1. Give just the number: which of (1) crowded, with 16+ Cβ neighbours inside 10 Å; (2) acidic (Asp, Glu); (3) farther than 24 Å from LEU82 by Cβ does ASP303 not satisfy?
2. In this structure, is ASP260 more than 23 Å from VAL32 (Cβ to Cβ) and acidic (Asp, Glu)?
3. Is the stretch 296-306 home to any residue that is assigned by TED's automatic domain parsing to the domain that holds PHE7 and either at pLDDT below 95 or within 18 Å of the chain's Cα centre (by Cα) (or both)?
4. Of the conditions (1) surrounded by fewer than 19 Cβ atoms within 10 Å (Cβ to Cβ); (2) among the hydroxyl-bearing types (Ser, Thr, Tyr); (3) more than 20 Å from GLN38 (Cα to Cα), SER162 clears all except one; give me its number.
5. Could we say that ASP224 is closer than 28 Å to ASP183 by Cβ, over 16 Å from the mean Cα position of the chain (by Cα) and surrounded by fewer than 18 Cβ atoms within 10 Å (Cβ to Cβ) here?
6. Exactly one of (1) surrounded by fewer than 16 Cβ atoms within 10 Å (Cβ to Cβ); (2) in contact with a Gly (Cβ under 9 Å, 6 or more places away or on another chain); (3) in the same structural domain as GLU22 (by TED's automatic domain parsing) is unmet by ASP105. Its number?
7. With respect to the numbered conditions (1) touching a strand residue (DSSP E or B) at 6+ places or on another chain (Cβ under 9 Å); (2) surrounded by fewer than 17 Cβ atoms within 10 Å (Cβ to Cβ), which one is the sole condition not fulfilled by ALA168?
8. Consider GLY418 carefully, then state whether it is farther than 25 Å from SER227 by Cα and surrounded by fewer than 18 Cβ atoms within 10 Å (Cβ to Cβ).
Amino acid sequence: MRIYNLFPLLAGPFADWQPHLERAAAMGFDWVFVNPIQQPGRSGSLYSIKDYFAINPALCSGGAAPEQQVLKMAAAAEGLGLRLMVDLVINHCAYDSDLLKSHPDWFVREGGHIAHPSCTHDGEKVVWRDLAQFDHAHGRDAEGLYQYCRRLVHYLLDLGFSGFRCDAAYQVPAELWRRLITDLRQQRPDTVFVAETLGCSPDQTRQTARAGFDAVFNSSKWWDFGSPWLLEQYHLTRETAPSISFPESHDTPRLSAECDGNTETLKQRYLFAALFSAGVMLPMGYEFGFRKPLHVVHSRPADWETTGIDLTGFIARVNALKAAHPVFREESVTEMWPTSNPAVLMLWKCAVASSSEALLIFNKDPWNRQQLWVDDLYRYIQSGKPLTDRSPQWPMDHLPTPFEYELLPGMGRILVAGGE
């Protein structure tokens, strides 16, 4: 999956989404992920849902009923060859939701009160006081809660969505996911379920993925291009479910702000994310180097930035490269090889299903040129098939032996053998 995250509060009413959908399609994305579109509670957070069967008024304009506006947007996406994915938030709801009064048995209780969900961040407990935590495991009416979630999924399917990013999936029992996914696929076998598992251990990720998810998200965004932890995590879950990389998300600071608008960093990290794992996701605004973080309460269309940066052509070439080669569309065996220059990363990828290989060579340094010397590139290729340079920028017609190349700041050279 090549996923474009269209952030609802930044995009505005559904009637204004057409240019964003067209841009996503032109860049070669085949999915558009939309954060929650249902009516939020008092806090205004997209993830604090008060009414699961009502549309957020901030996303609607005058005229047609809210659901009709969603359906019109979905039809426009389908006409562009885009499938729609939406957040499925069933770990919690807004604390001011009517569900707390109508179905009090659906919630976790602490000290006699309905509990707020929480997590541990940097050793400290973080509590979301605008949320109430559902009790899927031990609630006295677990079946009623399950049937409610099932109706919710059908409601979203009927609005034109065919995929779900399951928020905080690891905090919901795997048995519930397994049942829900199985139930839905009996009627809609093409429905896609992706687990949001960031922040949990590789074993938790693996156990969650085994519930039937089509993909999970990985942590490649935080990799330093050298430490062993990413490849260790990747291989622990690689055979369980495909994973999705991203250079930033709606939960992280903007990369452009972190790198002071260095476009070579933006290109480097997207190229790496797109080719490292089977799936990739890009949040709205990355293609223009936006610096304002996406905010689940405060973002608005007025936050659209004028930056002078336009990476849409580069992203389109990277997505075309990913789509063209099976080695970049599956969880390939991936190893890191030593190089003559520690500032240069070389990854070898081998796709078992398609018998194709690739060498990914990255200048880790987005500010300075770096020299690479390799006595024979074919030492790193098992099949012996010819290597072709498929780099999105200035591909080489001939790969000499020995191979000596001066990599521009942040540059990636993508060499592919077989399987096209």
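1. In the conditions (1) crowded, with 16+ Cβ neighbours inside 10 Å; (2) acidic (Asp, Glu); (3) farther than 24 Å from LEU82 by Cβ, ASP303 misses (3) alone.
2. Taking the combined requirement at face value, the residue satisfies it.
3. Kept after step one, since they are assigned by TED's automatic domain parsing to the domain that holds PHE7, are these residues of the stretch 296-306: 296-306.
So of that shortlist, the ones also either at pLDDT below 95 or within 18 Å of the chain's Cα centre (by Cα) (or both) come out as 296.
The answer is yes; a qualifying residue exists.
4. All conditions pass for SER162, except number (3).
5. Numbers: closer than 28 Å to ASP183 by Cβ: no; over 16 Å from the mean Cα position of the chain (by Cα): yes; surrounded by fewer than 18 Cβ atoms within 10 Å (Cβ to Cβ): yes.
In short, no.
6. ASP105 satisfies every listed condition except (3).
7. (2) is the only condition that ALA168 fails.
8. Values: farther than 25 Å from SER227 by Cα: yes; surrounded by fewer than 18 Cβ atoms within 10 Å (Cβ to Cβ): no.
When the stated conditions are applied, GLY418 does not pass them.
The values are calculated or read from the model by the stated rules, or taken from the named source; none is laboratory data. In this text, all values refer to a predicted model and were calculated from it rather than measured experimentally. Quick reminder, even Gly has a Cβ in these numbers, built from the backbone with ideal geometry, and neighbours come from all protein chains shown.
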